[in-house]
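As structure tokens, the structure follows; a few thoughts come after it.
The values are calculated or read from the model by the stated rules, or taken from the named source; none is laboratory data. Quantities reported herein were computed from a predicted structural model and do not represent experimental measurements. Methodologically, a virtual Cβ is constructed for each residue, glycine included, from the backbone with ideal geometry; neighbour enumeration extends over all protein chains shown. In case anyone asks, the SASA skips ligands and DNA or RNA and just uses the protein heavy atoms, side chains included. Shrake-Rupley method; radii C 1.70, N 1.55, O 1.52, S 1.80 Å.
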Amino acid sequence: MSGTTSGNGGADREAGPEAEVHRWLTGLARRPAVPTVADPVAPAPGELAERMDLLDIPGPDREEVSAGLPDPRRTPALWEALLHCHRQLYADAAPGTDARSAVPDWPDAPAALGSSGRYFYVHLYLLALPHALERQRRLGIPDEVVAATFADLGAKLTTYRRAHGTGGFDRQRWMVHHFRGVLHRLGRLQFERGVLDAEACGGDAADTGGPAHGCPVLKVHVPGDGPLDREGCDASFDAARAFFARRFPETPFRHAMCSSWLLDRQLGAYLPREANILAFQRRFTEFGARPVGDDDVLEFVFHVPPGTADLGRLPQATTLQRSLVRHLRSGGHWRTAHGWTFLR
């Protein structure tokens, strides 16, 4: 009997929180890392506060972020995991590699780590900030563009709290683009240097007169922090033309593209023709596949984690909110669409 009990206890430990944390840490360590830059050191309190300012970390998150920052003596396993992720983040700096190379597949930290896990990747980016800023300086990026670009991390902390009711961060893969110097915010919009991937888009934009597979494109992203007004978008596209021609002259960008539920033409049946979203759509020529994008709509408009939406409880204070819910309740689906436009 005692042998059976011992066996079950071992199985319980194998599946317990400590084992879950161990598997996560082991999984991170197995992912390839290239030490192309110096390992970071823990910042002093004053320096940490300055870094949090630049990343625009909201007030409600700051105390937990600061208190939970791993330490090589106090939490050596988490510290080593941060160093390993830092090497992965900047592995693109190796000779012959490209800043647009594959984004590390970093899984969310297990719930057993509590606040330390929810903020693990915030701690990573706080440690990674000095090298990211050095990259920006080498490229000659203006301070106001740097600040607007990196403030996106704070914005993601805000949306996490809205969605989950507690502090945390789960956009670790998204922020890689900012820290590798691939994405910049220019006014209302963000622009990411990339190439058109016809397979990922389910079709080639060249079929509609646009860029062919593999051609350089600026990928347009829309931060969710304000109206998508036409004047602001015009100013962003104008700024992008000048910015990328000056800072990255080795790659002539003739086209921009966008992949988003915002380009779903079904919105035209619900919104007035003068709506900002429809004006934004008209900038682009549609191409490629149109996969279901309901989760993106619910997450970015209503801040609801995937798979948790109760349509009857969603706010319907705006025409857009009412339209989105009405379509879903009728059995329809919103789609992620792809579009291209000439940049110059």
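Against the conditions (1) open to solvent by 20 Å² or more (accessible area, probe 1.4 Å); (2) within 17 Å of Y119 (Cβ to Cβ); (3) at pLDDT 95 or above; (4) not β-branched (V, I, T), where does D61 fall short? Just the number, please.
Among (1) open to solvent by 20 Å² or more (accessible area, probe 1.4 Å); (2) within 17 Å of Y119 (Cβ to Cβ); (3) at pLDDT 95 or above; (4) not β-branched (V, I, T), the lone unmet condition for D61 is (1).
Just to verify a result, which residue in the stretch 308-328, among those that are farther than 19 Å from G168 by Cα and part of a loop (DSSP other than H, G, I, E, B), is least open to solvent (accessible area, probe 1.4 Å)? Outline the logic, then answer.
Just the residues of the stretch 308-328 that are farther than 19 Å from G168 by Cα, to begin with: 309-328.
Narrowing further to those that are part of a loop (DSSP other than H, G, I, E, B): 309-310, 314-318.
Values: A309: 44, D310: 78, L314: 19, P315: 68, Q316: 76, A317: 85, T318: 63 Å².
Going through the qualifying residues, I end up with L314.
So, in the stretch 277-289, how many residues would count as being closer than 22 Å to L328 by Cβ, in contact (Cβ under 8 Å) with a residue 60 or more places away in the chain and within 23 Å of the chain's Cα centre (by Cα)? Outline the logic, then answer.
First, the residues of the stretch 277-289 that are closer than 22 Å to L328 by Cβ: 277-278, 280-281, 286, 289.
Cutting the leftovers down to in contact (Cβ under 8 Å) with a residue 60 or more places away in the chain gives us 286, 289.
After this cut, where a residue has to be within 23 Å of the chain's Cα centre (by Cα) as well, the list is 289.
Total satisfying the criteria: 1.
Which of the residues belonging to the stretch 290-330 are in contact with a strand residue (DSSP E or B) (Cβ under 6 Å, 6 or more places away or on another chain) and within 18 Å of V222 (Cα to Cα)? Before the answer, list the steps.
Step one: filter the stretch 290-330 for residues in contact with a strand residue (DSSP E or B) (Cβ under 6 Å, 6 or more places away or on another chain), giving 290, 293.
Listed by number, the list holds a single entry, G293.
Consider G140 carefully, then state whether it is at pLDDT 95 or above and on the phi > 0 side of the Ramachandran plot.
Yes: the conditions hold for G140.
Starting from the stretch 198-210, keep only residues that are more than 19 Å from F253 (Cβ to Cβ), then list their pairs with residues that are open to solvent by less than 50 Å² (accessible area, probe 1.4 Å) whose Cβ atoms are within a distance under 8 Å, requiring at least 6 positions of separation or different chains.
G202/G288; G202/A289; G202/H338; G203/F287; G203/G288; G203/A289; G203/H338; D207/F287
Residues checked against (1) without any contact (Cβ under 8 Å) to a residue 12 or more places away in the chain; (2) touching a helix residue (DSSP H, G or I) at 6+ places or on another chain (Cβ under 7 Å); (3) surrounded by fewer than 16 Cβ atoms within 10 Å (Cβ to Cβ):
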residue: V21; (1), (2), (3): no, yes, no
residue: V34; (1), (2), (3): no, yes, yes
residue: G46; (1), (2), (3): yes, no, yes
residue: D71; (1), (2), (3): no, yes, yes
residue: L78; (1), (2), (3): no, yes, no
residue: L83; (1), (2), (3): no, no, no
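Can you pull out the residues in the stretch 48-66 that are among the acidic types (D, E) and free of Cβ contacts under 8 Å to residues at least 40 places away in the same chain?
E50, D53, E63
Is it fair to say V122 is within 13 Å of the chain's Cα centre (by Cα), buried (at least 16 other Cβ atoms within 10 Å of the Cβ) and part of a loop (DSSP other than H, G, I, E, B)?
Working: within 13 Å of the chain's Cα centre (by Cα): yes; buried (at least 16 other Cβ atoms within 10 Å of the Cβ): yes; part of a loop (DSSP other than H, G, I, E, B): no.
For V122, the condition - within 13 Å of the chain's Cα centre (by Cα), buried (at least 16 other Cβ atoms within 10 Å of the Cβ) and part of a loop (DSSP other than H, G, I, E, B) - is not met.
Between H178, H184, which is closer than 26 Å to L153 by Cα and assigned to a helix (DSSP H, G or I)? Explain how you work it out, then say what you get.
Numbers: H184 fails: assigned to a helix (DSSP H, G or I).
Every option except H178 fails the conditions.
How do the pairs read when you match residues in the stretch 237-250 that are in contact (Cβ under 8 Å) with a residue 40 or more places away in the chain with residues anywhere that are among the small types (G, A, S), using Cβ under 6 Å and keeping only pairs 6 or more apart or on different chains?
Sorted first by the residue in the stretch 237-250, then by its partner, the pairs are A239/G187.
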